[in-house]
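Report on the following structure.
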Ligand code: ACO
């Protein structure tokens, strides 16, 4: 009897945790087992103090072929309620858990990225792609729509003309184009992808963990708020940060050190 491989692999590189979608035979299409494993993985990393930055990538030639079309669209035997629950679960872990994960996240798009894979990229804070990776909002090609969190993800990250052009045509494009339209931060040659992504992840991991967390929270919520609410929210977050201790000392001390020229956060170490 052979053991079923885990649908998610976890590996540490110091403070950086690499989470790999591991259904290479199905091009890492997201089925219920993979979704459950991702939820469990992120919940365990939330509490793991050694993990400061999470990198998400795919095993084999693809990053993520989207939702598992057999499991999500071929389940007429499911009741409407259980189908709804499965679909809700499939969306929530991306737009809620991943998007608001308390540590910075980076999508490392190693290969093909389709349909639901787009929201995985968008719900990560940053993304680096293999220049040759193929992307596609392919739903229209099989008479479907970018469902779940995908439409909202695209509306959040792309210019309207780009989002609609890609969604209405289903045209495939490569990592270099993904960089041009801002879907990813950078596209690099395949052989540089890992080193490049890890360098970025380690750069971020070297920053203050509480400041990283609240920087991300401030950005995510400010993006959804009006100006006044946003200013009130970030003021509260600033006080929260100052109230926390750094190495047993108040952060006010760090601010005083900065003012006195004893601390230069912008300088390289
Ligand atoms: N759901 C379920 N199985 C999938 C999916 C998917 N989304 N994508 C690929 N697979 C399976 C194939 O059925 C095949 O399985 P089999 O070996 O048992 O026949 C296996 O993965 C390999 O697929 P190939 O097409 O042979 O792999 P290739 O490397 O040539 O192409 C690619 C990869 C480009 C990702 C291609 O599989 C593809 O276009 N997949 C569909 C992608 C897509 O349109 N996703 C959108 C889903 S809709 C949504 O997410 C809402």
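Structure above, values below:
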{"read-out": "Filter result for residue 44 (more than 16 Å from the ligand (Cβ to nearest atom) and not in a helix (DSSP H, G or I))", "value": "no"}
{"read-out": "Residue check, residue 24 surrounded by fewer than 13 Cβ atoms within 10 Å (Cβ to Cβ) and within 16 Å of the ligand (Cβ to nearest atom)", "value": "no"}
{"read-out": "Residue 215 being in a helix (DSSP H, G or I), more than 16 Å from the ligand (Cβ to nearest atom) and over 30 Å from residue 239 (Cβ atoms)", "value": "no"}
{"read-out": "Enumeration of residues in region 112-153 that are assigned to a helix (DSSP H, G or I), surrounded by fewer than 22 Cβ atoms within 10 Å (Cβ to Cβ) and within 12 Å of the ligand (Cβ to nearest atom)", "value": "138, 139, 140, 141, 142, 151"}
{"read-out": "Which listed residue is more than 16 Å from the ligand (Cβ to nearest atom) and either at pLDDT below 95 or assigned by TED's automatic domain parsing to the domain that holds residue 93 (or both), from 36, 57", "value": "36"}
{"read-out": "Any hit, region 77-87, residues being within 16 Å of the ligand (Cβ to nearest atom), under 19 Å from residue 224 (Cα atoms) and touching a residue at least 40 places away in the same chain (Cβ under 8 Å)", "value": "no"}
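The values are calculated or read from the model by the stated rules, or taken from the named source; none is laboratory data. Because the structure is predicted, anything quoted here is derived from the model rather than measured. With ideal geometry, Cβ positions are generated from the backbone for all residues, glycine too; neighbour counts draw on all protein chains shown.
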